[in-house]
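Enquirer: Quick one: the structure is below, questions incoming.
The values are calculated or read from the model by the stated rules, or taken from the named source; none is laboratory data. Quantities reported herein were computed from a predicted structural model and do not represent experimental measurements. In this analysis, Cβ positions are derived from the backbone assuming ideal geometry, glycine residues included, and neighbour counts consider all displayed protein chains.
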Amino acid sequence: MSTQETGTATHDGYFTKTLGETDPEIHTALMAEEDRQRDGIELIASENIVSRATLEAVGSAIVNKTVEGYPGKRYYGGAVHADVIEQLAIDRAKQLFGAAYANVQPHSGSQANLAVFLAFLKPGDTVLSMDLSAGGHLSHGSSANLTGKWFNIVHYGVSEVDGLIDYDDVLRLAHEHRPKLIICGGSAYPRAIDFARFRAIADATDSILLADMAHFAGLVAGGAHPSPVPHAHVSTATTYKNLRGVRGGIILAQDVSLERKLNSAVFPGVQGSVILNAIAAKAVCLGEALRPEFKTYAHAVLNNARMLAATLVERGVDIVTGGTDTPLLLIDLRGKNLTGAEAAESLERAGLTSNKNGIPGDTQPPTITSGLRFGVSAGTTRGFGQQEFEIIGNLIANVLDAAPSGGTDLTSIEHTTQAQVKQLCERFPIYRAPV
Ligand SMILES: *Cc1c(COP(=O)(O)O)cnc(C)c1O
């Protein structure tokens, strides 16, 4: 008898068959993506490689559970294990960053930031943040984002001469516009931010300070970068970039009296039920970050980023601000007569993935740009050290020095580089993920 006749809702193999057996199209694409990650050098600053343990948590059956609210204050039953998991994630986040308050529910960094807007602002209130073109983030009030449409955004930039934040200018803008919220931290700012100075500016104008450490949270956790947490009223981070965990966001604060405001801004303010497999995986990644090995990783990231920058400088590549204090660096291609789009494409053909990125004073549109952004977190996780990043810097420079082809066939330099990339990757294998 067929299952249709017996009325059994779960067909044969629903609980036992593998993805490869039931959905070869998706399975094939997932396997091909694994190969791509294994055989290429990942230089996209927003990416990393999670642990096998994190993958297990993401793929666990807690994905079936729905809860709303917070541990001990749920709206559905059966939440006992969910509560244990979320409480562990909260406690680990607080311990790791020395924070009095943590919320681990934001589905992403953008949601974390939106919740902070909702907690402290009314539509039309003024926010002072870094311009997207200077290295800010969409969720900091870009005109294309909800935050830019519903709030009055004033931007500070960076100096076109040295690429650095001009703190006197930030103070001047704060006095002029009296923002309710000031945001520091960005997605393409390679230098350490003076959080104490930002707090002094915020205090001078009675503003709330939000520090967004999305790109360097792992360095902060591992003691390789100053922490914004003691200075900012609220700090946000993504868990999947330099922190090396699952996709998602967290919110931290020093003042526990902000708990009610921030918690209710996340739920029910901007989100509904909790993505519990992500919470479990966040707990795993935060647990990993509390171990001594993570300090080694964090310091290796910084050393590798500086080695990559130094190698590129040696090869005549211009680096915005001349170097880096974070996992990322930004290069200026104007001297090479290349656009960011051309350079990123050529590098990708050679097996090195990165992204085109606007640079201070860029005259090219965001779809073209005059710069590239490189991050070293994924490569560092893979096991690349300074020696390997010196090699990678030279591979990048080789590609940039050759003119882009624009055709469909690889240029000879792209071809040679691709083989060198594959060789290097074979020496540092990553898992075959249990998908
Ligand atoms: C990546 C990033 C975010 C969050 O982005 P999502 O894609 O929403 O996770 C937020 N702020 C900054 C500065 C970022 O770089």
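Enquirer: Which of the residues belonging to the stretch 326-337 are buried (at least 21 other Cβ atoms within 10 Å of the Cβ) and outside any strand (DSSP E or B)?
Expert: Thr326, Pro327, Leu333
Enquirer: State the number of residues belonging to the stretch 50-97 that are under 20 Å from Pro292 (Cβ atoms), crowded, with 21+ Cβ neighbours inside 10 Å and among the hydrophobic types (A, V, I, L, M, F, W, C).
Expert: Residues meeting the conditions: 4.
Enquirer: Working carefully through the options Ala79, Ala89, Ala102, find the one that is more than 23 Å from the chain's Cα centre (by Cα) and more than 16 Å from the ligand (Cβ to nearest atom). Break it down into steps so the answer makes sense when it comes.
Expert: Working: Ala89 fails: more than 23 Å from the chain's Cα centre (by Cα); Ala102 fails: more than 23 Å from the chain's Cα centre (by Cα).
The match here is Ala79.
Enquirer: Out of Ala310, Ala253, Ala281, Ala265, report the one residue that is under 18 Å from the mean Cα position of the chain (by Cα) and of a type in the set (Gly, Ala, Ser).
Expert: Answer to the check: Ala281.
Enquirer: In the stretch 152-197, how many residues are assigned to a loop (DSSP other than H, G, I, E, B) and more than 23 Å from the chain's Cα centre (by Cα)?
Expert: Residues meeting the conditions: 8.
Enquirer: For the stretch 265-295, what are the residues that are assigned to a helix (DSSP H, G or I), in contact (Cβ under 8 Å) with a residue 24 or more places away in the chain, surrounded by fewer than 24 Cβ atoms within 10 Å (Cβ to Cβ) and not hydrophobic (A, V, I, L, M, F, W, C)?
Expert: Pro268, Gly269, Asn277, Gly287, Glu288, Lys295
Enquirer: Go over the candidates Gly287, Gly335, Gly316, Gly269 one by one and state the one that is of a type outside the set (A, V, I, L, M, F, W, C) and modelled with pLDDT under 95.
Expert: Just a single option satisfies the conditions, and that option is Gly335.
Enquirer: Within the stretch 247-263, can you find the residues that are surrounded by fewer than 24 Cβ atoms within 10 Å (Cβ to Cβ) and either within 16 Å of the ligand (Cβ to nearest atom) or free of Cβ contacts under 8 Å to residues at least 24 places away in the same chain (or both)?
Expert: Matches in the stretch 247-263: Arg247, Ser257, Arg260.
Enquirer: Ok, one more. Checking the condition in contact with a strand residue (DSSP E or B) (Cβ under 6 Å, 6 or more places away or on another chain), hydroxyl-bearing (Ser, Thr, Tyr) and crowded, with 19+ Cβ neighbours inside 10 Å, which residue from Ser346, Ser377, Ser354 passes?
Expert: Being in contact with a strand residue (DSSP E or B) (Cβ under 6 Å, 6 or more places away or on another chain), hydroxyl-bearing (Ser, Thr, Tyr) and crowded, with 19+ Cβ neighbours inside 10 Å holds for just one of Ser346, Ser377, Ser354, which is Ser354.
Enquirer: Further question on the same structure: Determine whether the stretch 160-173 contains at least one residue that is of a type in the set (Phe, Trp, Tyr) and within 19 Å of Ala232 (Cα to Cα).
Expert: Yes, the stretch 160-173 contains a residue that is of a type in the set (Phe, Trp, Tyr) and within 19 Å of Ala232 (Cα to Cα).
Enquirer: Right, here's the next one. Have a look at Leu302, Leu243 and point out the one that is surrounded by 20 or more Cβ atoms within 10 Å (Cβ to Cβ), assigned to a helix (DSSP H, G or I) and either modelled with pLDDT of 95 or more or out of contact with any Leu (no Cβ under 7 Å at 6 or more places or on another chain) (or both).
Expert: The match here is Leu302.
Enquirer: Test of understanding: among Arg197, Arg178, which residue is at negative phi and touching a residue at least 24 places away in the same chain (Cβ under 8 Å)?
Expert: The unique qualifying residue is Arg197.
Enquirer: Is it fair to say Ala221 is within 13 Å of the ligand (Cβ to nearest atom) and hydrophobic (A, V, I, L, M, F, W, C)?
Expert: Against the criterion (within 13 Å of the ligand (Cβ to nearest atom) and hydrophobic (A, V, I, L, M, F, W, C)), Ala221 does not qualify.
Enquirer: Which of the residues that make up the stretch 135-150 are out of contact with any Lys or Arg (no Cβ under 9 Å at 6 or more places or on another chain), assigned to a loop (DSSP other than H, G, I, E, B) and more than 12 Å from the ligand (Cβ to nearest atom)?
Expert: Ala144 - this is the single residue of the stretch 135-150 that is out of contact with any Lys or Arg (no Cβ under 9 Å at 6 or more places or on another chain), assigned to a loop (DSSP other than H, G, I, E, B) and more than 12 Å from the ligand (Cβ to nearest atom).
Enquirer: What helices (runs of 4 or more DSSP H) lie completely within the stretch 29-130 and have 1 or more residues being without any contact (Cβ under 8 Å) to a residue 24 or more places away in the chain?
Expert: 80-97
Enquirer: Now for a separate question. Among the residues that make up the stretch 93-102, is at least one of them closer than 22 Å to Gln271 by Cα, modelled with pLDDT of 95 or more and out of contact with any helix residue (DSSP H, G or I) (no Cβ under 9 Å at 6 or more places or on another chain)?
Expert: For the stretch 93-102, residues closer than 22 Å to Gln271 by Cα, modelled with pLDDT of 95 or more and out of contact with any helix residue (DSSP H, G or I) (no Cβ under 9 Å at 6 or more places or on another chain): present.
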